[in-house]
Amino acid sequence: MKYLAAAEVVIFTILIFVAVGCTTIPQQENTQLAKDATAATNNEEAATSAEQQAEQSQQQQTSSGKTETSAAAAPAEKVPTKPIAKNFYEFDKAAYDGALKEGKYVFLDFYANWCPICKAEAPAIKAAFDELDADNVVGFQVNYNDDQTDADEKALAKKFGITYQHTKIFITADEKVVSRTLVAQTKQEVLKQIKDSLAAEATK
């Protein structure tokens, strides 16, 4: 009986160890599975973050490329005012202001595209400037009271008191009017107005 009781104790002890081992193993397995799941989640988050960074980098490169393309496609500087004849141009305020700053005399022809007199004398003014040998004189055809007249031309006409088309004035670099005429002129008469005006200024 004594030996039987001892055997029972041994068997009971073994059963307890087996039970504890079976309980511990699943717990260890569950712990490992949790660790594996956490690692997988971290890897997925890292991969997602890397993808997002790559997309942001690509977007920045694309944006930079668009900016460079836009800059490359920017329009060139404004084309200089259109010449009609030698030293005679369609009016442009920047060119006009530049001529005054350079100290040049300026001939202004106030021209309306609906005016028969303006159209008739336009070739004479062109021919006069092609013949004129005076680098200190520049001329402008100023649109007046027609569908081509802009705000700068309206302001210029107001400044010089122009009330009628085909008015022609000759001014100094400080915008003092030397001569003015409404008469339709020939080439020789245009040249005479310019040369007489220069001569008048030369005597002062």
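The values are calculated or read from the model by the stated rules, or taken from the named source; none is laboratory data. Bear in mind that the values here come from a model prediction, so they are computed numbers and not experimental data. Here the Cβ positions follow ideal geometry from the backbone for every residue, glycine too, while neighbour counts run over all protein chains shown.
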Positions within the stretch 105-124 being of a type outside the set (A, V, I, L, M, F, W, C), buried (at least 17 other Cβ atoms within 10 Å of the Cβ) and more than 14 Å from LEU182 (Cα to Cα), in sequence order
TYR105
Residue pairs meeting the criteria (Cβ under 8 Å; at least 6 apart or on separate chains; first in contact (Cβ under 8 Å) with a residue 12 or more places away in the chain and closer than 17 Å to TYR111 by Cβ, in the stretch 175-190; second of a type in the set (Ser, Thr, Tyr) and exposed (fewer than 14 other Cβ atoms within 10 Å of the Cβ)):
LEU182/TYR164
Regarding GLU153, is this residue more than 39 Å from the chain's Cα centre (by Cα), touching a residue at least 24 places away in the same chain (Cβ under 8 Å), assigned by TED's automatic domain parsing to the domain that holds ASN87 and within 21 Å of ILE84 (Cα to Cα)?
no
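Results for (1) of a type in the set (Asp, Glu); (2) in contact with a strand residue (DSSP E or B) (Cβ under 8 Å, 6 or more places away or on another chain); (3) outside the structural domain of ALA95 (by TED's automatic domain parsing), shown as yes or no for each residue.
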site	(1), (2), (3)
LYS126	no, yes, no
ASP147	yes, no, no
LYS158	no, no, no
LYS168	no, yes, no
Kindly indicate whether VAL142 is in contact with an Asp or Glu (Cβ under 7 Å, 6 or more places away or on another chain), within 20 Å of LYS82 (Cα to Cα) and surrounded by 18 or more Cβ atoms within 10 Å (Cβ to Cβ).
yes
Identify the single condition in (1) within 32 Å of the chain's Cα centre (by Cα); (2) modelled with pLDDT of 95 or more; (3) of a type outside the set (Asp, Glu) that ILE162 does not satisfy, given that it satisfies every other one.
(1)
